[in-house]
Each structure stands twice: as structure tokens, then as C-alpha cells.
Amino acid sequence: MRPVNEYLDLNLLRTFVTIVNEKSISEAANKLYVTQPAVSSSLKRLEMHLESSLIERSSRHFHVTEAGLKVYEEAIQILSRVSRLCMNIGNDKDKIEGILKIGIVSGARINIFDKSLEHIHTMHPNITCELKELLSQDIIRSVAFESLSLGITTLPLKSQSIKSFLLGTQRYRLYCGKAHPLYERNDLSLNDLTDCEWVSYTNSQLNGSLFEIEKFRIKHSLLGKNAAITQSLNEARRLIKCGWGIGCLPESFARDEEIKLNLRALPPSEGVANIDLYVIWNSQTVLTGAEQAAIDIIKEHAFFH
């Protein structure tokens with residue numbers, strides 16, 4: 001029998017990656033614009049070629065097997081490298097083009113990055129940008145597996161393969177919404193916040209990139225219960241605005257709603273934490289012209305700001 005690498009269809013890997021990403025055969029079919037039986041058939045063919053069960057599923061159950069996780073990680077890198085090969089062959093020095101895939105954390109509003117995006121598009125109008133909002137840990141994982149060109153994340157890295165530089169800093173402050181009892185109060189101090197309910201973030205975030213927020217709460221005995229928990233800054237802002245509790249947001253992210261009087265900044269005026277944003281990329285990947293140009297431009301704006 002011929003080795004698998006001599007006859008394995010890349011489309012089978014592409015279909016499998018989509019199934020895992022969508023966590024559903026039917027959703028994968030919608031994403032790929034094919035029928036559900038076609039997706040199921042591709043999965044069966046891949047499992048037959050690899051002689052392994054990759055996904056266990058029923059009407060209420062979807063589980064990627066250990067073998068499936070290994071295939072998923074390898075497939076992402078294979079497909080990414082094929083894509084880079086095509087883009088590098090198509091590029092020349094005078095015309096940089098291709099797809100720039102950037103993962104960015106929720107609520108990252110920083111002028112340096114906006115100016116960089118403007119500069120990239122002005123200098124290289126043939127680059128197509130795909131911008132995805134993800135959690136920091138998902139961005140790091142995707143950059144490591146080469147499914148993202150680069151990421152904007154709140155987690156600094158010490159890794160031989162992942163390189164990074166500081167993009168900027170966001171100051172987080174406490175806010176309440178118009179429906180909250182503190183909104184109309186004057187002369188507020190931290191003592192007035194002691195028993196307030198909170199709109200908080202998930203444990204993984206508070207133990208990671210947003211640890212300084214949890215540290216601030218403990219230090220100042222702000223131990224009111226968590227009335228709402230979310231992993232999204234967009235949803236945290238919504239919940240705070242709707243009066244579910246007080247909570248922390250980046251000043252730049254909350255400013256629009258504060259101007260509209262939907263949010264009010266709370267003590268302390270100096271803020272709760274300064275949280276850094278980093279640009280990361282995989283140094284073991286052969287970068288496309290589009291990726292290298294983007295990194296160079298963002299780095300220039302960050303270093304000379």
C-alpha cells in the first residue's frame with residue numbers, strides 16, 4: 001500500500017479543520033457551502049486513510065479524539081504552509097499581496113495599531129486583512145500553530161518560537177451604568193464600592209492577563225459577589241451599562257459610552273491597572289511578504305510613537 005502522504009487530499013484536511021472549528025458537521029457544511037453528506041463523507045475518507053477515529057459524535061455529543069486533536073494541529077500547519085507557499089510564489093518585491101490574518105483581544109483600542117493598519121493599506125493596497133477577535137490564549141495557540149499571521153494580546157511571552165514586542169498600554173478603570181445606584185451619587189470613594197456587585201471576567205482571564213484587576217479587588221477588599229461573568233469586553237460593557245454591577249474596562253474602550261452618559265467612571269481616578277498589549281508572531285515560520293511588511297510597519301509605529 002502507498003504511504004498516506006502520497007495520496008492524501010488536502011481538501012480532506014481543510015474539511016476536518018472546519019468541522020473541529022465549527023464543532024458540527026452541519027455548521028461545517030454551511031461554512032464550506034457543500035452538503036452535509038459531503039462533509040460526513042470527507043470525514044469518513046480521512047479516518048479511513050489515517051486508520052483512526054477522529055471525532056466521536058451523536059445527536060447530542062461532539063468530541064474530538066486524541067488522534068483527532070493531533071491531526072487538527074498538524075492540519076492547521078500544513079494548510080497554513082501551503083497557503084504561504086502560494087502567496088510567496090505570487091509575490092514580487094514591487095507588489096506585496098496576500099492575506100494578513102490578525103487575532104486581536106476584545107476591547108483593544110490603541111491608536112498606534114489603528115495608524116499601523118492605515119499605513120499598511122496605504123502602502124500595500126493588495127493585502128487582504130482578516131481581523132478576528134479572540135481570547136489571548138487562543139491567539140497565542142493560533143500563532144503557534146500558524147493559523148494566524150500575528151496577534152495582539154495582553155499576555156507577554158517567553159518562547160523560542162514566539163517573538164513579541166510591546167505595542168502599547170491600556171489603563172483600566174471602574175465603571176457603573178446609569179441604572180446603578182452609584183451613578184447619581186456625589187463624592188464617591190473606594191469605601192462606597194466595598195459591597196457592590198460586580199461584572200467580572202472568567203477565571204482563566206483573571207489568573208492570566210487580567211490578574212491585576214483581581215489583585216486590586218483583593219487589596220481594597222472589594223469583595224461583593226459577581227452578578228455576571230463574561231470573557232468578552234463587549235459583553236462586560238453591555239452588562240455594566242445595564243446595571244448588573246460595577247466592573248473594569250479600558251478607558252479608551254469605555255469612552256464612547258461615557259460621553260453618551262451611559263457609563264460613569266468610579267474611583268480611583270488613577271485607574272485600577274495598566275495592562276500592556278503585545279504584538280506576537282511565530283519566528284519559526286517563513287513569513288510572507290504581507291506578514292513581514294505588516295510587522296515592520298507596526299514595529300515602526302510602536303517604536304517611534
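Bear in mind that the values in this text are calculations on the coordinates, not laboratory data. Keep in mind that what you see is a predicted model, and the values were worked out from it rather than measured. Here the Cβ is made from the backbone with ideal geometry for all residues, glycine too, and neighbour counts use every protein chain on show.
At what distance in angstrom do the alpha carbon centres of region 145-191 and region 236-305 lie from each other?
Each part's Cα centre sits 6 Å from the other's.
Indicate the helices, whole DSSP H runs only, in the chain that combine a mean Kyte-Doolittle hydropathy of -0.5 or more with a Cα extent along their long axis of 27 angstrom or more.
Helices meeting the criterion: 66-90.
For a label point 7 angstrom out from the Cα of Ser161 toward its Cβ, which stretches of region 241-285 have the backbone nitrogen within less than 14 Å?
The answer is 281-285, whose backbone nitrogens lie closer than 14 Å to the label point.
Order these peptides, 241-249, 261-269, by their mean beta-carbon neighbour count within 10 angstrom, highest first.
241-249, 261-269
Glu118 to Gln292: extension gain in nm, 0.36 nm per residue of separation minus the Cα-Cα distance?
61.0 nm
How about Lys299: which aspartates and glutamates have a C-alpha closer than 18 Å to its C-alpha, ignoring those fewer than 8 places off in the same chain?
Cross-link targets: Asp114, Glu118, Asp276, Glu291.
Note down the nm distance, to one decimal, between modelled labels 7 Å out along Cα→Cβ at Val82 and at Glu51.
In this crude label model, Val82 to Glu51 measures out at 2.3 nm.
Which of Thr128, Thr18 has the fewest other C-beta atoms within 10 Å, and how do the rest follow up to the most?
Lowest count first: Thr128, Thr18.
Take every Cα pair under 8 Å in region 4-76 that's 6+ residues apart, average their separations, divide by the length, and report that relative contact order as a whole percent.
After rounding, I find 29 percent.
Taking the structure as given and computing volume of the Cα convex hull per residue in Å³, which label from [x] 140; [y] 150; [z] 175 fits?
It is the one labelled [z].
Treating only the Cβ atoms of Lys and Arg (+1) and Asp and Glu (-1) as charged, compute the dipole magnitude of region 190-266 about its Cα centre; round to the nearest 20 debye.
In debye, rounded to 20, region 190-266 gives about 40.
Which value, in debye to the nearest 20, gives the size of the charge dipole of region 99-305 about its Cα centre, when Lys and Arg are +1 and Asp and Glu are -1 at the Cβ?
220
Rounded to the nearest 5, what is the percent of antiparallel bridges among the DSSP beta bridges in region 99-305?
60
Through the Karplus equation 6.51 cos²θ - 1.76 cosθ + 1.60, θ set to phi - 60°, convert the phi angles of region 167-175 into ³J(HN,Hα) values in whole Hz; use x for Gly and Pro.
Once rounded to whole Hz, the list reads 8, x, 10, 10, 8, 9, 10, 8, 9.
So what's the net charge close to Ile275: Lys and Arg +1, Asp and Glu -1, counting the other residues with Cβ under 10 Å from its Cβ?
Charge balance in the 10 Å sphere: -1.
Of all GluC sites (Glu not before Pro) in region 183-292, which ones are in loop regions per DSSP and have a Cβ with at most 14 other Cβ atoms within 10 Å?
Glu184, Glu270
Restricting to DSSP H runs of at least four residues, report the calculated mean residue ellipticity at 222 nm for the chain, -39500 (n - 2.57) per run over all residues, nearest 500 deg cm²/dmol.
-13000 deg cm²/dmol
What whole-number volume per residue, in cubic angstrom, does the convex hull of the C-alpha atoms of region 250-305 give?
Dividing the Cα hull volume of region 250-305 by its residues yields 135 Å³.
Under the definition of Cα pairs under 8 Å and six or more residues apart, what whole-number percent is the relative contact order of the chain?
22
State the volume of the convex hull built on the alpha-carbon positions of region 118-268, expressed per residue in Å³ and rounded to an integer.
Looking at region 118-268, the number lands at 140 Å³ per residue.
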